[in-house]
Amino acid sequence: MAADNVSLEQFELKGDFIRRHIGSNEIQLDEICELLGLSAIEDIINSAVPDSILSNAPLSLTETISERAVITNLRKIRERNKVYRSMIGMGYYGTIM
């Protein structure tokens with residue numbers, strides 16, 4: 001099956017992350033737990049992640065930022081790049097060690 005042609009513009013600067021990535025809802029999570037014989041979705045995590053690396057401590061997260069703001073900031077960083085002439089493939093010069 002051939003993939004449809006999709007431009008990157010379709011995904012840029014849009015505040016509709018939900019449209020592109022919708023996680024499981026409560027009903028689906030309950031069905032998953034029932035299928036796996038678990039009482040809660042946390043049981044999947046507890047059975048899959050070793051105790052030595054599992055942490056229940058609250059995360060120290062910074063302030064949230066929208067997808068649009070992230071893309072804008074990344075573009076500002078990109079604009080600081082300086083483009084130089086690439087010399088890759090312009091010849092071989094032996095190195096004396």
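Every number here is computed from the coordinates shown, using simple stated rules; none is lab data. Being a predicted model, the structure only gives us computed values, none of them experimental. Heads up, the Cβs are rebuilt from the backbone with ideal geometry, glycines too, and the neighbour counts pull from every protein chain shown.
Miscellaneous remarks
- Residue within segment 77-91 that is of a type in the set (Lys, Arg) and part of a helix (DSSP H, G or I) present: yes
- Some residue of segment 54-69 being in a helix (DSSP H, G or I) and in contact (Cβ under 8 Å) with a residue 12 or more places away in the chain: yes
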